[in-house]
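FYI, it's all coordinate maths here, none of it is from the lab. This is a predicted model, so every value here is computed, not measured. Here the Cβ is made from the backbone with ideal geometry for all residues, glycine too, and neighbour counts use every protein chain on show.
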Amino acid sequence: MECKTYRWRAHFEIESIPDLRPKDEIEAWKKKCPIARLERKMLEEGILIGQEIDEINAQVMSRIEDAVGYALESPFPAPEAALEDIFST
């Protein structure tokens, strides 16, 4: 399966730096979202019902919240570890 998608959000989260991409380009890609398309298809085909999708989304959000909590509670890595697991070709 191939899912081509597009990064809707900017490379940064600083409001003072504008995203230079055209808004209509971003909106056009949102309409092509492979996850939303799969969700619609599964609803149309009766593979899932709305409640099941809501449950899946709740599970995903719970996992994300757990991961964020773990990251926030974890100590910063040692500076000498900054270059570990870095690969280039």
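For this structure, a couple of remarks:
- Within the same chain, lysines fewer than 8 places from residue 23 are excluded, and of the rest, those with a Cα less than 22 Å from its Cα are 4, 31, 32.
- The angle between the Cα long axis of helix 34-44 and the main principal axis of the chain comes to about 30°, on a 0 to 90 degree scale.
- Scaled to the globular estimate 2.2 N^0.38 Å, the Cα spread of the chain, given as radius of gyration, is 1.54.
- Neighbour cut-off at most 16 other Cβ (10 Å), DSSP loop, GluC sites (Glu not before Pro), the chain: 2, 13, 15, 45, 84
- Taking a sphere under 13 Å around the Cβ of residue 56 and counting the other residues whose Cβ falls inside, with K and R at +1 and D and E at -1, yields a net charge of -3.
- Of the trypsin sites (Lys or Arg not before Pro) found in region 7-74, those in coil by DSSP whose Cβ has at most 16 other Cβ atoms within 10 Å are 7, 9, 32.
- What the phi angles of region 52-63 give under the Karplus curve with 6.51, -1.76 and 1.60, with θ = phi - 60°, is a coupling list of 5, 5, 4, 5, 4, 4, 5, 5, 4, 4, 4, 5 Hz, glycine and proline written as x.
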